[in-house]
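I have placed the structure first, in the form of structure tokens, so that the comments after it can refer back to it.
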Amino acid sequence: MQVYMDNNATTMTDPKVVEAMLPFFSERYGNPNSLHKFGTSTHLPLSKAIDQVYQGINAAEQDDIVFTSCATEANNWVLQSIWIDKMLNSDKNHIVTTEVEHPSILSTCKFLEDQGMKVTYLPVNEQGIVEAHTVRSFITDKTALVSIMWANNETGMIFPIQEIGEICKEKGVLFHSDGVQAVGKIPVDMQAVHIDFMSMSAHKFHGPKGVGALYIRDSQKLTPLFHGGEQMGGRRSGTLNVPGIIGMGKAMELATENIEATMALIRSKRDRLEDALLEMLDDVMVVGDRNNRTPNTILISVRGVEGEGMLWDLNNALIGASTGSACASEDLEANTVMLAIGADNELAHTGIRLSLSRFTTDEEVDYVIEAFTAAVKRLRAISSSYAKVGPSPGGEAQACDLLYHHENDVKVIH
Ligand code: C6P
């Protein structure tokens with residue numbers, strides 16, 4: 001058996017999505033901006049796909065959804081546009097974000113700092129989320145933008161987006177949220193939250209790679225990054241990725257049409273996997289209260305076992321998992337989110353992210369439980385640090401300073 005448990009990195013394109021996209025490669029391949037029928041015949045399917053995306057996030061008619069190549073582009077667009085506006089006509093030079101954003105936010109912020117912008121990286125609490133009152137206390141009259149993710153890609157923890165949106169509205173500050181790990185996984189209702197800009201990526205909810213979007217409340221101004229033709233009303237020039245947009249629309253429809261029921265199904269499998277690992281293994285912990293997590297995600301730390309070693313064993317058992325963000329998987333650095341939560345360097349090297357999808361089966365969960373526990377036993381048996389200390393009484397860690405303990409039946413970092 002082979003099992004894919006890395007759905008926060010990317011997902012399988014749903015066969016129904018592929019089916020919807022196929023005609024737009026080899027039959028209806030016209031450029032939507034062409035005046036002949038090859039081009040114009042794409043208009044109706046494109047507008048259907050756009051409607052599907054609007055409906056999936058309950059965007060209002062006056063809002064804009066601009067398709068991009070991915071969420072990285074959407075994130076860069078918002079942040080860089082704020083900087084361009086500052087250079088052109090504003091004295092606001094401050095951005096508030098968090099320490100646990102995706103690299104497409106953090107690296108862009110570092111770049112903007114080099115250009116003279118000021119950036120505040122808010123710390124997170126032991127649950128891995130930023131508290132709304134913390135955001136309030138760091139907004140100044142120089143703050144142009146608050147950029148805070150809706151759900152974290154490594155832990156799945158959901159941020160208090162509604163409260164943060166209210167604070168930004170009250171303070172008159174623009175609010176961007178990276179919604180990549182929320183859209184298609186939990187209900188996202190743009191009319192129930194005050195968010196000015198939200199980034200999405202189709203391949204995170206069983207759509208194709210290479211297409212994403214930026215939601216823009218009330219179609220407000222945002223200086224374009226790509227200048228050229230009049231595509232997307234001149235907001236993002238470049239020939240439209242017709243199959244990609246059609247696929248994103250279909251994927252959005254499939255992901256959101258029965259989202260509560262789908263979430264319940266994924267959550268039950270995730271919880272069964274998590275409970276089994278916590279029960280069968282000593283000295284393991286899962287980051288964050290599962291009731292405030294996306295229903296598919298587990299970030300588990302296994303004392304005495306390097307994350308990369310675990311990945312190797314899991315890969316040999318044909319299980320695809322990750323130590324955290326796929327973009328940071330080659331640098332063998334400690335897990336940055338675990339460090340931000342307060343884990344020490346040793347512990348932050350032990351995180352394994354397991355992320356399920358609506359295609360994950362019960363048999364796959366059983367297989368992962370078996371292979372994961374076998375891998376931990378094998379790696380601990382050859383681990384010098386774990387062997388020295390040995391399993392701790394009651395599963396409490398002794399090798400590192402951090403305490404593992406039970407809270408609401410979930411082991412969390414304190
Ligand atoms: N995170 C992960 O393994 P792109 O690659 O542009 O479609 O999406 C970027 C992105 C932006 N924000 C968040 C919160 C994300 O999780 C991602 C992608 C993957 O966690 C790949 S690095």
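For the charge dipole of the stretch 3-83, defined by +1 on Lys and Arg C-beta atoms and -1 on Asp and Glu C-beta atoms about the Cα centroid, which residue among 79, 33, 4 has the Cα displaced farthest towards the positive pole?
33
Near residue 73, within a Cβ-to-Cβ distance under 15 Å, what is the net charge of the other residues, with Lys and Arg +1 and Asp and Glu -1?
Numbers: positive: 204, 209, 235, 236; negative: 178.
Here the charged neighbours net out to +3.
How big is the charge dipole of the stretch 15-256 about its Cα centre, in debye rounded to the nearest 20, if each Lys and Arg gets +1 on its Cβ and each Asp and Glu gets -1 on its Cβ? Display every interim value, and only then the final one.
On the way: 20 positive and 26 negative charges, 121 e Å.
For the stretch 15-256, the charge dipole is close to 580 debye.
Projecting each Cα onto the charge dipole of the chain (Lys/Arg +1, Asp/Glu -1 at the beta carbon, about the Cα centre), which of 311, 339, 100 comes out farthest on the positive side?
Comparing the listed Cα positions along the dipole, 100 ranks first.
Where does the charge balance sit around residue 14 when Lys and Arg score +1, Asp and Glu -1, over other residues with C-beta under 15 Å from its C-beta?
Within the 15 Å Cβ shell, the charges total +3.
Only four residue types carry charge here, +1 at the Cβ of Lys and Arg and -1 at the Cβ of Asp and Glu. Report the dipole size of the chain about the Cα centre in Debye, rounded to the nearest 20.
1000 debye
Apply the Karplus parameterisation 6.51 cos²θ - 1.76 cosθ + 1.60, with θ equal to phi minus 60°, to every residue of the stretch 196-203 and state each ³J(HN,Hα) to the nearest whole Hz, in sequence, with x for glycine and proline.
7, 9, 9, 9, 9, 9, 5, 6
Please build a GNM for the chain, connecting alpha carbons under 10 Å apart, and tell me which residue among 300, 352, 167 fluctuates the most.
Sorting by GNM fluctuation, first place goes to 167.
Residue 291 to residue 268: extension gain in nm, 0.36 nm per residue of separation minus the Cα-Cα distance? If you can, show how the numbers build up before the last one.
Details: separation 23, 0.36 × 23 = 8.28 nm, distance 1.20 nm.
Residue separation times 0.36 nm, minus the Cα-Cα distance, leaves 7.1 nm.
How high is the FRET efficiency between residue 373 and residue 261 when r is their beta carbon distance and R₀ equals 30 Å, given to the nearest 0.05?
0.50
Using the Cα centre as the reference, give the magnitude of the dipole from point charges on the C-beta atoms of the stretch 214-324 (Lys, Arg: +1; Asp, Glu: -1; all else neutral), rounded to the nearest 20 debye. Please list the in-between numbers first.
Values: 12 positive and 15 negative charges, 134 e Å.
Dipole about the Cα centre, nearest 20: 640 debye.
Among the aspartates and glutamates, which have Cα under 14 Å from the Cα of residue 209 when same-chain residues fewer than 8 positions away are ignored?
The reachable aspartates and glutamates, counting only those whose Cα sits under 14 Å from residue 209, are 14, 73.
Nearest 5 is fine: what % of DSSP beta bridges in the chain come out antiparallel, could you say?
Values: 25 of 43 bridges.
In the chain, DSSP labels about 60 percent of beta bridges as antiparallel.
Of the listed pairs 269/377; 86/169; 37/221; 16/185, which have alpha-carbon separations greater than 28 Å here?
Violating the 28 Å limit, Cα to Cα: 37/221.
How far apart, in nm, are two points set 7 Å out from the Cα along the Cα-to-Cβ line at residue 327 and at residue 362?
3.9 nm
Counting each DSSP H run of 4 or more residues in the chain as -39500 (n - 2.57), what helix-only mean residue ellipticity at 222 nm follows after dividing by all residues, to the nearest 500 deg cm²/dmol?
That comes out to -11500 deg cm²/dmol.
Find the relative contact order for the stretch 15-256 and round it to a whole percent, using C-alpha pairs within less than 8 Å whose residues are 6+ positions apart. Don't skip to the answer; put the middle values down first.
Details: 467 pairs, mean separation 69.3, N = 242.
Rounded, it is 29 percent for the stretch 15-256.
Could you compute the net charge surrounding residue 371? Neighbours are other residues with a C-beta less than 14 Å from the C-beta of residue 371; K and R count +1, D and E count -1.
On the way: positive: 377, 378; negative: 313, 363, 364, 366, 370.
Neighbourhood net charge equals -3.
In percent, what relative contact order does the chain have, based on Cα pairs under 8 Å that are 6 or more apart in sequence? Could the numbers behind the result be given before it?
On the way: 831 pairs, mean separation 88.3, N = 414.
The value is 21 percent.
Any chance you could check the Cα centroid distance between the stretch 5-82 and the stretch 164-219 for me, in angstrom?
Measuring centre to centre over Cα atoms gives 15 Å.
Quick note: the coordinates plus some simple rules give every number you see, no bench work behind them. This structure is a prediction, so every number in the text was calculated from the model and none was measured. Virtual Cβ from ideal backbone geometry, glycine too; neighbours counted across all protein chains shown.
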